[in-house]
């Protein structure tokens, strides 16, 4: 591709790749992604990330449609090959059922990412290339590996249900397509100042993805703790029922007007229940942590 600015030897695609190396590594090393790559992905974790991606791509592709004839984006308009909204709708129906539109989560980090996409598409469309580059070329590069990992870890059918997002039926050769895409990126007319802003926006795009992964991992950790504590409180509930059974007077046993049990006689028993519950809780948490 012809270089428009002799003062800037690097093509946009090379400049972006170079400038985002560090944040790219950070994104891959986010706990959520590291676990995913090791095949440690649960249905719950996968459903969460897919729902977030659905919201992100709806916003991204809405802004791409808005700017498809704008020369700052037009050369990169490949809806048939790249766009993910329809594939993600299939995945949402698979994971969340027919009423998925009412039930899929929309987390704060996802909302933050979506807001930025709309802001860029509506007020600074010259920066839209940064978001398209970060998402689509990333999906084309790592998507096939992640698809296989998810299929194996979650026992999904090899026919591709639940992972339509990772499947690009209209791209025969991903490597060639990426070369074409980068060549088209390098044809975008850009002043050095705009180019610098695009590079900064690509870093922002990676950071938005990292924040998303960190939030999802936090939600998963929190849910695990909740499950752990609900198991514990279930045991505690049963423990206290066992202790009180046959001890607690039923209304029939208590003549009206008399106190049920003096608070004094309740105290040691209550203390024992609490101690027992605490022991149960400790054991349950210990088992969970293994």
Cα gyration tensor shape for the range 20-172, rounded if a/c is under 1.5, else prolate or oblate: prolate
Separation in nanometres of the label points that stand 7 Å from Cα toward Cβ, at residue 152 and residue 187: 4.0
Label point distance in nm, residue 231-residue 180, each placed 7 Å from Cα along Cα→Cβ: 5.1
Label point at residue 118 placed 7 Å out along Cα→Cβ; residues across the range 187-208 whose backbone nitrogen lies under 19 Å: 205, 208
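How long is the gain from residue 200 to residue 31 if the chain were fully straight, where each residue apart is worth 0.36 nm and the alpha carbon distance is subtracted? Numbers along the way, then the final one.
Details: separation 169, 0.36 × 169 = 60.84 nm, distance 2.40 nm.
Contour length minus the Cα-Cα distance gives 58.4 nm.
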Distance between modelled label sites at residue 93 and residue 145, nm, 7 Å Cα→Cβ extension: 3.2
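Read the figures in this text as sums done on the coordinates, not as results from a lab. All values reported here derive from a predicted model rather than from experimental measurement. No Cβ is skipped: glycine too gets one built from the backbone with ideal geometry, and neighbour counts run over all protein chains shown.
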